[in-house]
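Novice: One structure, pasted below without further comment.
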Amino acid sequence: MPKQSFLSRRDFLKLSATSLTATTLMQLPGFARMLEAAVAEVPVIWIQTGSCTGCVVSVINSASPRIQEILLDQVIPGKHISLKYNQTVMAASGDLAMKAMEKAAEKKGGFVLIAEGAFPTKDDGLYCQIGEREGKGITGLEHLVHLGSNAMAVIALGTCACYAGIPAAPPNPTGCKSVNQVFAEKGIKTPVINVAGCPPHPDWFVGTVATILIGGLSAVKVDNNGRPLAFYGSLMHDNCERRGHFDAGRFAKKFSDPYCLYELGCKGPITHADCPSRRWNNGTNWCIGCGHPCIGCVEPEFPFEKSLYDIVPLDRVTPPATYPGIEAQQGTAPKAARG
Ligand code: FSX
Ligand code: SF4
C-alpha cells in the first residue's frame with residue numbers, strides 16, 4: 001500500500017487541543033483527505049427552513065477542500081462525507097429523499113444534524129414544510145424537534161439558524177426562531193454549535209464539522225454566543241486594515257473614500273469574526289476591503305434595528321443613531337492592525 005502523506009489521526013487530535021486548530025487546519029496539506037476519511041463514518045442530515053439558501057450556496061463554494069472533494073470520493077475511493085439528506089444538492093426527491101433522511105436518523109445519537117435557516121413556529125410551524133407523512137405536510141419545526149432530539153450534535157448553520165436573523169426581523173409574521181430558542185422551549189438538551197454569518201464563510205463550516213467529527217464536540221471551544229472561537233474569537237475592528245484611519249480620525253464620507261467606514265455605519269467595532277485575515281472567495285477580498293461597511297452579520301443582533309439601508313439612501317451618511325458602540329478608543333490599534 002502506498003505511503004499516505006496526510007495527517008495521522010493522532011496528529012490531528014493533538015492539533016485539536018488548541019484553539020487555533022480550525023484556522024490552521026484549512027491550510028494543512030492533505031486536510032481534504034483527512035476530513036474525508038474521518039467523516040465517512042458519521043451520517044449527516046442537513047435541513048433547510050426559513051432562509052434565502054445563501055448558506056448552502058456559500059458552503060458549496062468551499063475552496064480548500066472543494067465541496068466536490070468532500071461530497072464525492074475523488075481523493076480516496078470510498079471515503080467521503082456521509083451526507084444523507086440536503087434538499088438543495090441531493091439528486092433524490094420526494095419519498096426517496098424522505099426515506100434517506102429517516103434511515104439516517106434511525107440510530108439515536110448516530111448522526112449529526114445541520115440546521116440551516118430560522119424555524120417558523122407560529123400556527124405550529126405551518127409556514128414551512130418539508131415532505132409529508134400520510135398526505136400531511138411535516139413542518140420544519142417537527143423535523144427540528146425530532147431530529148434535534150436524536151442527533152449527536154447540531155450545527156446551526158447561518159445567522160438565521162443561530163439567532164433567527166432576517167426571517168425574524170419585525171414584524172416576524174411566521175414567528176421565526178433559532179435552533180437554540182426552539183430547543184430551550186422544548187427542553188431539548190442536544191449540544192448546538194453556532195456557525196454564524198449571513199452567509200457563513202465556507203471555512204467556518206468545514207473547519208467546525210471536521211473538528212467535531214474527528215476531535216469530538218469538546219474540541220470545539222465556543223464563545224458566549226455558541227460560536228467556535230477559532231473563527232469568531234477576534235474583533236473585526238482590531239484587525240481591520242482601515243483601523244489606522246479610525247485612530248487618526250479619518251472617516252469616509254462616501255463609499256469610495258479609502259478611510260474608516262465607521263460614519264457610514266460600519267459594525268466592525270462590535271462584530272467578531274476573522275474576515276480581515278481569512279477574507280472571502282478563496283482569500284480574494286472582504287466587505288471592508290471592497291469599500292462596504294461591515295453589517296455585523298455574525299452577531300445575534302443582526303439585522304440591527306437601525307441598519308445601514310433601512311433609514312438612509314445609499315448616497316447619504318448614516319446618522320449617528322446607527323453608530324455602533326466603541327470599546328477600543330482611537331489611538332489604540334493593536335499591532336496586527338497597525339501592521
Ligand atoms: Fe439566513 Fe441561510 Fe442569511 Fe441566507 O440558508 S443566514 S438569510 S445568507 O441563507 O439562513
Ligand atoms: Fe474598520 Fe469599521 Fe473599525 Fe473603521 S469602524 S476601523 S472600517 S472595522
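Nothing in this text is a laboratory measurement; each read-out follows from the coordinates by a stated rule. For clarity, every value in this text was computed on a predicted model and none was experimentally measured. All Cβ positions, even for glycine, are placed from backbone atoms using ideal geometry, and neighbour counts span all protein chains on display.
Novice: For the range 216-248, which residues satisfy the criterion of being outside any helix (DSSP H, G or I), within 11 Å of ligand 2 (Cβ to nearest atom) and more than 16 Å from Ile295 (Cα to Cα)?
Specialist: If we filter the range 216-248 for residues that are outside any helix (DSSP H, G or I), which is where we start, we get 216, 220-228, 233-235, 240-242, 248.
Add one more test, that the residue is within 11 Å of ligand 2 (Cβ to nearest atom), and what stays is 235, 240-242, 248.
Selection gives Glu241, Ala248.
Novice: Which of (1) more than 8 Å from ligand 2 (Cβ to nearest atom); (2) closer than 18 Å to Leu235 by Cβ; (3) not polar (S, T, N, Q) does Cys294 not meet, given it meets every other one?
Specialist: It fails just one condition, (1).
Novice: Also, quick follow-up: How many residues does the range 181-208 hold that are without any contact (Cβ under 8 Å) to a residue 60 or more places away in the chain and among the aliphatic types (A, V, I, L, M)?
Specialist: Number satisfying all stated conditions: 5.
Novice: Still on this model: Applying the selection to the range 155-195, what residues are part of a strand (DSSP E or B) and closer than 11 Å to Glu116 by Cβ?
Specialist: So in the range 155-195, the residues part of a strand (DSSP E or B) come out as 155-157, 176-177, 192-195.
Within the range 155-195, Ile155, Ala156, Leu157, Val195 qualify.
Novice: Continuing with the same structure: Quick one: which residue in Cys176, Cys198 is within 16 Å of ligand 1 (Cβ to nearest atom) and out of contact with any strand residue (DSSP E or B) (no Cβ under 9 Å at 6 or more places or on another chain)? Explain how you work it out, then say what you get.
Specialist: Details: Cys176 fails: out of contact with any strand residue (DSSP E or B) (no Cβ under 9 Å at 6 or more places or on another chain).
Answer to the check: Cys198.
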